[in-house]
Amino acid sequence: MIQALRGTRDILPEEIVYWQLIERTAKDILSKAAFQEIRVPIFEQTALFERGIGEATDVVGKEMYTFTSRGGKTSITLRPEGTAGVARSYIQNKLQAQGGVQRLWYTGPMFRYERPQAGRQRQFHQIGLELIGSNAPRADVEAIAVATDILKALGLKNLSLAINSVGRGEDRQKYRETLLTYLEPYKEELDADSRDRLERNPLRILDSKDQRTQEIAQDAPKIIDSLSDSSKKHFDAVLQMLTDLEIAYQIDHCLVRGLDYYTHTAFEIKSSDLGAQATVCGGGRYDGLIAELGGAETPAIGWAMGIERLVILLQELAQVSVDAPDLYFVSRGEQAEAQALTLAQKLRQSGLAVELDLSGSAFGKQFKRADRSGAVACLVLGDAEAETRSVNLKWLASGEQSTMTQTEVLQGIETLKNKISALH
RNA sequence: GCGAGCGUGGCCAAGUGGUUAAGGCAGUGGUUUGUGGUACCACCAUUCGCGGGUUCAAGUCCCGUCGUUCGCCCCA
């Protein structure tokens with residue numbers, strides 16, 4: 001049997017209702033904040049991600065789905081995240097010409113070759129926001145506020161916002177030196193992974209889960225103490241506005257995000273109801289990315305949410321059920337079945353959700369299914385009704401039923417709709 | 001890429017080397033050949049993810065493989 005590839009999965013109707021709820025809620029809140037949807041390709045030239053995300057990162061180094069185009073010349077990569085593509089689009093379509101700030105959002109699948117785990121798939125889905133063209137601290141806060149609004153609207157609990165500033169390139173370079181000097185005497189005590197990172201990416205050592213390394217990291221010099229005055233000022237302004245908006249946060253001096261393009265504000269929203277993959281939303285400022293990709297110097301901030309993780313949380317706290325039809329159509333007999341199809345179509349065109357039983361099985365069986373469908377009423381059309389072009393309407397809860405002509409049903413459609421919506 | 005656990009019908013499962021692989025849900029047919037949600041009856045795995053091995057005997061033990069779960073790594 002051919003089965004779905006590892007790390008990919010089917011989202012069946014029972015689960016899709018949660019996805020739809022998330023997408024609807026996010027879209028609603030994003031629209032209210034005047035963000036507009038953008039759809040960019042799922043694959044791009046590999047160079048976009050190498051340059052944008054950074055060649056030294058794990059995502060680029062070992063997690064990308066990269067292949068050569070049929071022509072054999074172009075190296076192509078399935079997007080591992082959304083920001084690089086949006087930034088590319090911003091430059092290519094000269095969106096800056098349309099005025100100061102672009103407020104964009106996107107949703108769709110992303111691809112990373114990783115070991116699948118709860119809340120981590122090889123094909124996974126994100127909803128993301130990119131606010132491009134403003135370097136104001138206010139932009140950072142607005143982006144974060146929209147994210148927290150979405151999570152709040154979904155009714156999610158036990159979330160916490162962690163925030164830090166990684167400053168600008170110069171700040172980070174300076175901090176790197178300071179940190180290395182501090183770590184030098186502890187070199188032998190660090191865990192193996194962290195020792196590897198000393199050269200490659202010392203900032204990530206702060207994030208280690210190894211107990212001894214964590215103890216060492218506890219007392220390490222903090223990056224915010226290495227920030228330039230302007231970087232510090234930016235960060236303080238962000239924190240102040242978060243407080244003004246009553247958005248709770250905690251400064252996490254160890255928070256360093258994994259993609260190279262982040263500058264200044266970095267943040268994560270985590271849930272304590274998930275396992276190791278606890279981050280439901282992550283993002284930050286990326287003032288250097290657009291210039292790095294060949295555009296003009298353009299400040300920007302963005303974030304992405306992992307839809308699969310939101311679905312897990314939502315399933316734990318709410319029952320969302322698949323939409324039931326308004327009417328279930330029971331029919332049997334050649335003439336009757338033909339008339340049922342016609343009438344069902346007309347009712348659908350009038351705005352009712354009608355499920356037509358196609359089984360042709362005994363009436364008893366069809367009624368049983370009518371029950372399970374969750375419909376409030378069913379229509380019954382058999383040989384007798386077909387003869388007189390009538391139909392029987394039966395209310396499933398009361399068992400009450402009445403026969404009328406098919407024309408009468410359509411004429412009385414508004415009262416029928418009202419009665420159905422009252423019973424749903 | 002590394003470590004550990006798990007894998008019995010569509011779903012949830014019992015089963016801890018001995019002969020016909022419990023049970024529940026769902027499904028199908030019937031009691032009720034045109035009226036449901038209840039009840040009752042019947043049917044529904046030549047087979048235990050797949051391949052190999054040990055044994056007189058394997059769902060049960062061993063090896064491999066695939067899948068899955070949890071953790072590391074990474075990240076949303």
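Exactly one residue among A:Q96, A:Q126 is within 12 Å of RNA strand B (Cβ to nearest atom) and either assigned by TED's automatic domain parsing to the domain that holds A:A291 or crowded, with 21+ Cβ neighbours inside 10 Å (or both), and that residue is A:Q126.
To keep it simple, each residue is scored yes or no on (1) closer than 21 Å to A:A47 by Cα; (2) touching a helix residue (DSSP H, G or I) at 6+ places or on another chain (Cβ under 7 Å).
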{"site": "A:R88", "(1), (2)": "yes, yes"}
{"site": "A:A97", "(1), (2)": "no, no"}
{"site": "A:R112", "(1), (2)": "yes, yes"}
{"site": "A:G119", "(1), (2)": "no, yes"}
{"site": "A:R122", "(1), (2)": "yes, no"}
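Confirm whether A:L347 is in contact (Cβ under 8 Å) with a residue 40 or more places away in the chain, assigned by TED's automatic domain parsing to the domain that holds A:G412, buried (at least 20 other Cβ atoms within 10 Å of the Cβ) and out of contact with any Phe, Trp or Tyr (no Cβ under 8 Å at 6 or more places or on another chain). So A:L347 passes the test.
Take the residues in the stretch A:78-112 that are assigned to a loop (DSSP other than H, G, I, E, B) and touching a residue at least 60 places away in the same chain (Cβ under 8 Å); name whichever of them is nearest to A:E55 (Cα to Cα).
Filtering the stretch A:78-112 for residues assigned to a loop (DSSP other than H, G, I, E, B) gives A:79-82, A:93-94, A:99-101, A:112.
Narrowing further to those that are touching a residue at least 60 places away in the same chain (Cβ under 8 Å): A:81-82.
Details: A:E81: 14, A:G82: 17 Å.
Ranking the qualifying residues of the stretch A:78-112, first place goes to A:E81.
The residues of the stretch A:82-131 that are at positive phi and either among the aliphatic types (A, V, I, L, M) or out of contact with any His (no Cβ under 8 Å at 6 or more places or on another chain) (or both), listed by number, are A:K94, A:G99, A:G119.
Screening the candidates A:S271, A:S226, A:S194, A:S208 for the property of being over 24 Å from A:A56 (Cβ atoms) and either in the same structural domain as A:I312 (by TED's automatic domain parsing) or buried (at least 17 other Cβ atoms within 10 Å of the Cβ) (or both) yields one hit, A:S271.
Pairs linking a residue in the stretch A:268-282 that is more than 6 Å from RNA strand B (Cβ to nearest atom) to a residue that is among the charged types (D, E, K, R), with Cβ atoms under 7 Å and 6 or more positions apart or on different chains, are A:D273/A:E316; A:L274/A:R309; A:A278/A:K270. Could you check, for the stretch A:249-262, whether at least one of its residues is away from RNA strand B (no atom under 14 Å from the Cβ) and without any contact (Cβ under 8 Å) to a residue 12 or more places away in the chain? No, because not a single residue in the stretch A:249-262 is away from RNA strand B (no atom under 14 Å from the Cβ) and without any contact (Cβ under 8 Å) to a residue 12 or more places away in the chain.
Taking A:A344, is it in contact with a Leu (Cβ under 9 Å, 6 or more places away or on another chain), part of a helix (DSSP H, G or I) and away from RNA strand B (no atom under 14 Å from the Cβ)?
On the way: in contact with a Leu (Cβ under 9 Å, 6 or more places away or on another chain): yes; part of a helix (DSSP H, G or I): yes; away from RNA strand B (no atom under 14 Å from the Cβ): yes.
So A:A344 fits the description; yes.
Among the residues of the stretch A:150-173, those that are surrounded by fewer than 18 Cβ atoms within 10 Å (Cβ to Cβ), assigned to a helix (DSSP H, G or I) and charged (D, E, K, R) comprise A:K152, A:E170.
Is there a residue being away from RNA strand B (no atom under 14 Å from the Cβ) and either under 29 Å from A:Y18 (Cβ atoms) or within 37 Å of the chain's Cα centre (by Cα) (or both) anywhere in the stretch A:324-332? Yes.
Counting only residues that are more than 24 Å from A:R285 (Cβ to Cβ) and either more than 16 Å from the chain's Cα centre (by Cα) or not in a strand (DSSP E or B) (or both), the stretch A:113-149 holds 9 of them.
Which ones in the stretch A:284-314 are in a loop (DSSP other than H, G, I, E, B), in contact with a strand residue (DSSP E or B) (Cβ under 8 Å, 6 or more places away or on another chain) and not β-branched (V, I, T)? Within the stretch A:284-314, A:Y286, A:D287, A:G288, A:P299 qualify. Return yes or no: is A:T298 outside the structural domain of A:V141 (by TED's automatic domain parsing), of a type in the set (S, T, Y) and over 18 Å from A:I163 (Cα atoms)? For A:T298, the condition - outside the structural domain of A:V141 (by TED's automatic domain parsing), of a type in the set (S, T, Y) and over 18 Å from A:I163 (Cα atoms) - is not met.
Taking the stretch A:204-215, which residues are more than 10 Å from RNA strand B (Cβ to nearest atom) and modelled with pLDDT of 80 or more? Lay out the reasoning, then the answer.
Applying the first criterion (more than 10 Å from RNA strand B (Cβ to nearest atom)) to the stretch A:204-215 yields A:206, A:211-212, A:215.
The answer is A:L206, A:R212, A:E215.
Here's the yes/no breakdown for (1) surrounded by 16 or more Cβ atoms within 10 Å (Cβ to Cβ); (2) in the same structural domain as A:T83 (by TED's automatic domain parsing); (3) in contact with an Asp or Glu (Cβ under 9 Å, 6 or more places away or on another chain):
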position	(1), (2), (3)
A:R212	no, no, yes
A:P221	no, no, no
A:C254	yes, yes, yes
A:H264	yes, yes, yes
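Note on the stretch A:1-53: residues that are assigned to a helix (DSSP H, G or I), surrounded by fewer than 16 Cβ atoms within 10 Å (Cβ to Cβ) and more than 15 Å from the chain's Cα centre (by Cα) total 5. Residues in the stretch A:108-151 that are basic (K, R) and at pLDDT 95 or above: A:R138 only. For beta carbons closer than 7 Å, sequence separation of 6+ or different chains, a first residue in the stretch A:383-396 that is more than 16 Å from A:L416 (Cα to Cα) and among the charged types (D, E, K, R) and a second that is at pLDDT below 90 and not in a strand (DSSP E or B), the qualifying pairs are A:D383/A:G333. Within the bounds of the stretch A:355-366, is there any residue that is among the hydroxyl-bearing types (S, T, Y) and either more than 14 Å from RNA strand B (Cβ to nearest atom) or modelled with pLDDT of 95 or more (or both)? For the stretch A:355-366, residues among the hydroxyl-bearing types (S, T, Y) and either more than 14 Å from RNA strand B (Cβ to nearest atom) or modelled with pLDDT of 95 or more (or both): absent.
The values are calculated or read from the model by the stated rules, or taken from the named source; none is laboratory data. The model shown is predicted, which means the values in this text are computed figures rather than measured ones. With ideal geometry, Cβ positions are generated from the backbone for all residues, glycine too; neighbour counts draw on all protein chains shown.
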